[in-house]
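Following: one structure in structure tokens, then a few remarks.
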Amino acid sequence: MSAHADTHDHDDHGHHHKETFVTKYIFSQDHKMIAKQYLITGTIMGVIGVIMSLMIRMQIAWPEEPNVIFEALLGKWAPGGVMDADIYLALVTIHGTIMVFFVLTAGLSGTFSNLLIPLQIGARDMASGFLNMVSYWLFFLSSVVMVISLFVEAGPAAAGWTIYPPLSALPLAQGGSGAGMTLWLVSMAIFIASSLLGSLNYIVTVLNLRTKGMTMTRLPLTIWAFFVTAIIGVVSFPVLLSAALLLIMDRSFGTSFFLSDIFIQGEVLHYQGGSPVLFEHLFWFLGHPEVYIVLLPALGITSEIIATNSRKPIFGYRAMVASILAIAFLSTIVWGHHMFVSGMNPFLGSVFTFTTLLIAIPSAVKAFNYITTLWKGNLQFNPAMLFSIGLVSTFITGGLTGIILGDSALDINVHDTYFVVAHFHLVMGISALYGMFAGIYHWFPKMFGRMMNKNLGYIHFWVTAICAYGVFFPMHFIGMAGLPRRYYTNSNFPLFDDLSNVNVVITIFALIGGAFQIVFLWNFFYSIFYGKKTVQNPWKSNTLEWTAPVEHMHGNWPGEIPHVHRWAYDYSKPGHDEDFVPQNIPLKEGEEELQH
Amino acid sequence: MTALLTIIVLVFITIAIWQMVKIFDLANANNENSQIANDKDNRVNGYLMLGFLAFIYVITIVCVVKWGDLPLLSNSASEHGPQIDNLMIISLVIIFIVQTITQFLLHYFAFKYKGEKGKKAFFYADNDKLEFIWTIIPVITLAGLIIYGLFTWSEIMNVNEDDDPLVIELYAQQFNWKARYGGADNTLGKANVRLIDLDKANILGLDESDPNAQDDIITTELHLPVGKPVLFKMRSQDVLHSAYMPHFRAQMNCVPGMITQFGFTPTVTTAEMRQTPEMADKVANINRIRTEKSKELVAKGEEPLERYEFDYVLICNKICGKSHYNMQMKIIVESQEDYEAWLKEQKIFKNSLVQN
């Protein structure tokens, strides 16, 4: 049972505190403001990441042709509009880093965990508002450092987002492994600190601050997802931090954790006894759970939105929670499937094949439960709902090819080809991005008190959905034809010449899809100021955040915090007039609560 | 200039969309303007869901028909290749079946149950039997795939020393490959990058005092006798590389400070591969593309492209720096006699050293 001690008298809270601009908008300790700060910062980083991906695609499609866009954006790195090979790798690296960590970890989890955890569990704020503020500002600082690293003389980090040493450790091996990589590592270290502070806060808040009646089995699936995500983060991010610190030691203090027997540019280096494979283990011990740190919040958001907009309970609540837990557990013991051909013992390959393919089971359960939730529903196609269905679609398409990549024998031939690029972009990139879009469209009224334009939302969704498949579906096939990823140009391999027109098609889809994100940005920023004012519960949703007033206030609810009497999914329950029954409505006489 | 034009066009498109939406909103002004989906939105988007399902199917069919039978997928040139290919095909078939069914259910339900005012959804929260069924079906399917996969994997990775494989070292450095043959004794001499002596042309760091090293042969092309098991020992002198030989379904990383290995038996010579109808088609198609490109190049006053002739390649497939995209070595599979004749022409290590 939860035990929330409602010790403060919040009635007159708003009247006495005179807030300054700084405490309200900048160094705010209010979870709703921090959520908005995360969202805006994540959006800006997202724009940078997407522009980079479009430059990458243009380079792949038209490698020889000078491009004025390159010249304009890359300056000295694209003399005469011809992209430099080093900056291509840097774009690939920074695009990956920004999208995975800054947009889909901080931007997604940071925004919605902060916004929804206190509001949906019925708490006045996070357990520690101060730590929450520090967490955001560390994230902001790490974003600034990452952006600064783009302007370093010798180029930004360019060893791939996985920064495998020795490439990332030796400035002799690559220009970007000098100051650019140092800043990358510093930025990531700060980022990890931010993420840990955030995660600890989420865990404590969910465990300690639930309102009366909000048992763990009455938690909305969003909260379950955020909660478990935070636990995965706390378990795995410190390992990446240790890897980053050891790498800093190797780079700057002459240790040999990851380096051994290296001869480069005419000289033997002093490193002895280290192993790059050790780094791969440490990196992927975070790297793989990271996939689920990105994906689970998106799935949680989707569960909530699909149930609300289907006007039906989410099907199999217990199974959904169980599969979140199963995925979380399995995610920490599958990292080796990134390393089947790394030179580790082949027996380990067998073990990791086994654990990896197991993860398909809870994933399949989730997909089937979403589909069954739609069955016999009364589907309301708000933009958030479209993005949620889109997520299920890309989650299935992208997830299925995981069966191939998780199989060590098959991985031999598709490892590090475009097949992998297609797989993870669909299953975690696009899916998580859809989850984020869905969340923004759904909770925009909660965040800004206004509605986003639905017709722009429809245009945004349908063009994005078509372009996402147009980009990543054909990509599987060029991967199966053996085309390696991270190639600046394929023109040195006539063998792949017949794939060049596929690459052009993909790039055209990417450019259209990228351009249409402007529709979203416009809708988002325009609606913040000029959108239609919202009513308190526009989607007729059951969760507690919609019982709070539209106008934001410290402490979330005037007067007492609502008590909870039922789970979050009493949609279209027989015996009620409305097709939704908010969680704070007591059971009717004779009404039974669903046992789950 | 083009950039400016592109930006202007984009701005215009955005303004156009905005205006269209505004007109749409104004036209609906008499109705509710709540930005919440109404029956009309539900109907339109429901049909679009069906349309999208069709789109997924069409793009699948187009991809499979146009690019699904790339020779790389069907023509393997190693003994274990068909095993991987069979497993791949089985997995792909399962994936396509599951994909077709689940995407149909998802989008069809979305269409069928599109919302209407006054309709009430069916309160359906749980069904243990159903959930058990769709837990157990993936379990069985995956169990089959796991077992098949693990047998294939261990068969490929277990090197049988009794076969007396030909041992070849693949040596990676930024940004080229070298191959080292054991010579008459088929034994590679000891080597370490610390022993590299560029003045003496000891480029791979062989131990000059090791008797096994004396007859080693270092080459820049990889020749393999057909039908003979080969065991590759991989080494790297600077950063991670990956020795990827797609036609042989073979790949292993080259890790500085450690020796990795991968073994296979080539089954199709280069000459035979060139003559297979699939490969002949593929090469003809590539040359068509290259001829067209050459015309453009000549028009610009540049050199035309060379005609392409098929060869097996060893590709670097782990990001390794600036010229990662051009780190390759030609592989030639030939008869035992041709192989031996070629090997005889190569200098052995002892004689390749520069004596000061």
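Just so you know, all these numbers are worked out from the coordinates, no wet-lab data involved. Computed from a predicted structure; not experimentally measured. Positions of Cβ are generated from backbone atoms using ideal geometry, with glycine treated the same way; all protein chains shown enter the neighbour counts.
Leaving out same-chain residues fewer than 8 places away, which lysines sit with a Cα under 20 Å from that of A:LYS212? Within the straight-line cut-off, A:LYS212 pairs with A:LYS588.
Normalised by the number of residues in chain A, the mean separation of alpha-carbon contacts (under 8 Å, six or more apart) gives a relative contact order of 17 percent. Separation of region B:175-198 and region A:348-374, taken as the distance between their Cα centroids, equals 45 angstrom. Sorting the segments A:138-149, A:107-118 by their residues' average number of neighbouring beta-carbon atoms within 10 angstrom, most packed first, yields A:107-118, A:138-149.
Ranked by how many other Cβ atoms sit within 10 Å of their own Cβ, fewest first, the residues B:SER335, A:SER541 fall in the order B:SER335, A:SER541. In chain A, the DSSP-assigned H stretches of four residues or longer account for a calculated mean residue ellipticity at 222 nm of -19000 deg cm²/dmol, using -39500 (n - 2.57) per stretch and the full residue count as denominator. Measuring against 25 Å, Cα to Cα, the residue pairs A:LYS540/B:LYS112; A:LYS312/A:LYS532; A:LYS532/B:LYS119 contain A:LYS312/A:LYS532; A:LYS532/B:LYS119 as the ones spanning a longer distance. For chain A, the longest principal axis of the C-alpha atoms and the axis of helix A:85-97 are separated by about 20°. Remark on B:THR265: its backbone amide H falls under 5 Å from those of B:GLU79, B:HIS80, B:VAL230, a criterion applied only to residues 5 or more positions apart or on other chains, H modelled at 1.01 Å from N.
Secondary structure note: in the protein assembly as shown, about 75% of the DSSP beta bridges are antiparallel.
Between B:VAL159 and B:MET258, the FRET efficiency estimated from the beta carbon spacing at R0 = 25 angstrom works out to 0.90.
With the simple model of a label 7 Å out from the Cα in the direction of the Cβ, B:VAL58 to A:VAL463 spans 1.9 nm. Using the average count of surrounding beta-carbon atoms within 10 Å as a protection proxy, the listed peptides A:293-301, A:74-82, A:150-158, A:119-127 rank, highest first, as A:293-301, A:119-127, A:150-158, A:74-82. For region A:33-256, rounded, prolate or oblate, judged on the Cα gyration tensor with a ≥ b ≥ c (square roots of eigenvalues), a/c < 1.5 rounded, else prolate if a/b > b/c? Prolate, because a/c is 1.5 or more and a/b exceeds b/c.
Between B:ILE348 and A:THR23, the modelled label-to-label distance comes to 8.7 nm, taking each label 7 Å out from Cα in the direction of the beta carbon.
Here, region A:353-478 has an Rg and a Dmax of 16.5, 53 Å when only alpha carbons are counted. A Cβ-based charge dipole, computed about the Cα centre of the protein assembly as shown with Lys and Arg at +1 and Asp and Glu at -1, lands at about 3020 debye. A Förster radius of 25 Å combined with the Cβ-Cβ distance from B:ASP69 to B:ASP338 puts the calculated FRET efficiency at roughly 0.20.
Considering only B:ASN45, B:THR100, B:GLN83, the residue lying farthest towards the positive end of the dipole of region B:37-115 is B:ASN45, judged by Cα position with unit charges set on Cβ.
If a/c stays under 1.5 just call it rounded; otherwise compare a/b with b/c (prolate if a/b is bigger, oblate if not). Do that for region A:359-430, with a ≥ b ≥ c from the square roots of the Cα gyration tensor eigenvalues. Note, shape of region A:359-430 comes out oblate. When the Cα convex hull of region B:204-356 is projected onto planes of every orientation, the mean area is 12.6 nm².
Here chain B is assigned +1 on the Cβ of each Lys and Arg and -1 on the Cβ of each Asp and Glu. Its dipole about the Cα centre then comes out at about 1820 debye.
Tell me, what are the semi-axes, in whole angstrom and largest first, of the equivalent ellipsoid of region A:289-533 as set by the roots of 5 times the Cα gyration tensor eigenvalues? Can you show the working numbers first?
Working: eigenvalues 220, 127, 36 Å².
Equivalent ellipsoid of region A:289-533: 33, 25, 13 Å, largest first.
The alpha carbon centroids of region A:130-153 and region A:197-249 are separated by 21 Å. A simple rule links phi to the HN-Hα coupling: the Karplus curve 6.51 cos²θ - 1.76 cosθ + 1.60 with θ = phi - 60°, which for region A:497-506 gives 4, 6, 9, 5, 6, 4, 4, 5, 4, 4 Hz, with x for Gly and Pro. Remark: mean inter-chain Cβ contacts per residue of A:565-578 equal 2, using a 10 Å Cβ-Cβ cutoff to other protein chain atoms.
The amide H of B:LYS318, built 1.01 Å from its N in the peptide plane, has B:SER242 as neighbours under 5 Å, considering only residues 5 or more places off or on other chains. Spin-label point model (7 Å from Cα, Cβ direction): what's the B:ALA184 to A:VAL268 distance in nm? Inter-label distance under the simple model: 3.0 nm. In chain B, helices alone account for a calculated mean residue ellipticity at 222 nm of -15500 deg cm²/dmol, with every DSSP H run of four or more residues adding -39,500 (n - 2.57). A straight chain from A:GLU64 to A:GLU560 at 0.36 nm per residue would run longer than the Cα-Cα distance by 171.9 nm.
Please tell me the relative contact order of region B:233-273 in percent, rounded to the nearest whole number, where contacts are Cα pairs under 8 Å and at least six residues apart.
Over region B:233-273, the number comes to 39 percent.
In terms of surrounding Cβ atoms within a 10 Å radius of their Cβ, A:THR41, A:THR308 rank from fewest to most as A:THR41, A:THR308.
Inter-chain Cβ neighbour count for A:349-361, averaged per residue, equals 4 (cutoff 10 Å, partner chain atoms only).
From the alpha carbon centroid of region A:385-449 to that of region A:575-596 is 35 Å. What the Cβ-Cβ distance of A:MET249 and B:ILE133 gives, at R0 = 45 Å and to the nearest 0.05, is a FRET efficiency of 0.30.
I need the Debye-formula profile for chain A: one equal scatterer per C-alpha, no solvent, reported as log10 I(q)/I(0) at q = 0.06, 0.10 1/Å, two decimals. Results for chain A at q = 0.06, 0.10 Å⁻¹ read -0.31, -0.87. In chain A, a dipole from Cβ-located charges (positive for Lys and Arg, negative for Asp and Glu) runs towards its positive end, and of A:GLY398, A:LEU286, A:ASN501 it is A:GLY398 whose Cα lies farthest in that direction.
Please state the relative contact order of region A:158-223 as a whole percent: Cα pairs under 8 Å, 6+ residues apart?
Rounded, it is 17 percent for region A:158-223.
Cβ crowding within 10 Å ranks A:THR397, B:THR291 as B:THR291, A:THR397, fewest other Cβ atoms first. Per-residue Karplus couplings for region A:573-587, computed as 6.51 cos²θ - 1.76 cosθ + 1.60 with θ equal to phi - 60°, are listed in order as 6, x, x, 10, 6, 7, 8, 8, 10, x, 5, 8, 7, x, 4 Hz, Gly and Pro entered as x.
Suppose we look only past 19 Å in the calculated P(r) of region A:234-355. What percent of the Cα-Cα pairs does that tail hold?
62 percent
Applying both filters, DSSP loop and at most 16 other Cβ atoms within 10 Å, to the GluC sites (Glu not before Pro) of region A:535-570 gives A:GLU551, A:GLU560. 3J(HN,Hα) couplings calculated from phi for region B:314-328 with the Karplus curve 6.51 cos²θ - 1.76 cosθ + 1.60 (θ = phi - 60°) are, in sequence order, 9, 10, 7, 10, 9, 3, 9, x, 3, 9, 3, 6, 9, 10, 9 Hz; Gly and Pro show x.
Close amide H contacts of B:VAL313 (hydrogens built in the peptide plane, cut-off under 5 Å, sequence separation of 5 or more or a different chain): B:HIS247, B:ILE331. Above 14 Å, the calculated P(r) of region B:37-115 contains 71 percent of its Cα-Cα pairs.
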